[in-house]
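Reviewing the structure listed below.
Please treat every number below as a calculation from the coordinates, not as lab data. Quick caveat: nothing in here was measured; it's all calculated off a predicted structure. Every residue, glycine as well, gets a Cβ built from its backbone with ideal geometry; the counts of neighbours run over all protein chains shown.
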């Protein structure tokens, strides 16, 4: 598959957890949009630091690209990409739309920062697998490693 032909989907890539995984980028901006600025992030520094959910990519654009996908072996369609996927205000609609046209399972990779929000929980319900990371054991380590937005607190993530 030529990745240059697609703007919102990429791969498939091999994953030890998900097998052959086709990526969907529901943020798809030129710079990373995230609630964290993790020291180890493969995408580099966060360009847009936000906790505001909004529509970055219309559902129709994702479906159009999936319809153009050549026949390829995929185990999961995985939401990740250029930032925190739960920032996409239409994430739930994307998942539901993909499930109507594809047989593969749906995964979402999240940094867990918005999991305490009811709207995010509802958007994730139709997903088959949510990979929620938490790589700190205290607010102090959380601040050093993940460098979250000030409004995001370690204890709030743990409660939900």
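Peptides 6-17, 83-94 ordered by packing proxy, namely the average of other Cβ atoms within 10 Å per residue, highest first: 83-94, 6-17. Ranked by the mean number of other Cβ atoms within 10 Å of their residues, highest first, the peptides 120-126, 39-45 fall in the order 120-126, 39-45. If one computes P(r) from the Cα atoms of the stretch 27-160, what percent of pairs lie at distances over 26 Å? Tail of the P(r) past 26 Å holds 23 percent of the pairs. Angle between the Cα long axis of helix 91-101 and the longest principal axis of the chain, 0 to 90 degrees, nearest 10? That helix lies at roughly 20 degrees to the long axis. Each of 25, 137, 143 was scored by other Cβ atoms within 10 Å of its Cβ. Listed from fewest to most, they are 137, 143, 25. Given their separation in residues at 0.36 nm each and the Cα-Cα distance between them, residue 122 and residue 49 gain 24.0 nm when the chain is fully extended.
Which order do 131, 24, 141, 57 fall in if you start with the one that has the fewest other Cβ atoms within 10 Å?
In order of increasing Cβ crowding within 10 Å: 141, 131, 57, 24.
What is the distance in Å between the Cα centres of the stretch 9-34 and the stretch 113-146? Value for the Cα centre distance between the two parts: 17 Å.
Given an 8 Å cut-off on Cα distances and at least 6 residues of separation, report the relative contact order of the chain as a percent. Dividing the mean separation by the residue count of the chain yields 23 percent. Helical runs assigned H by DSSP (4 residues or longer) give the chain a calculated mean residue ellipticity at 222 nm of -6500 deg cm²/dmol, each run adding -39500 (n - 2.57) before division by the residue total.
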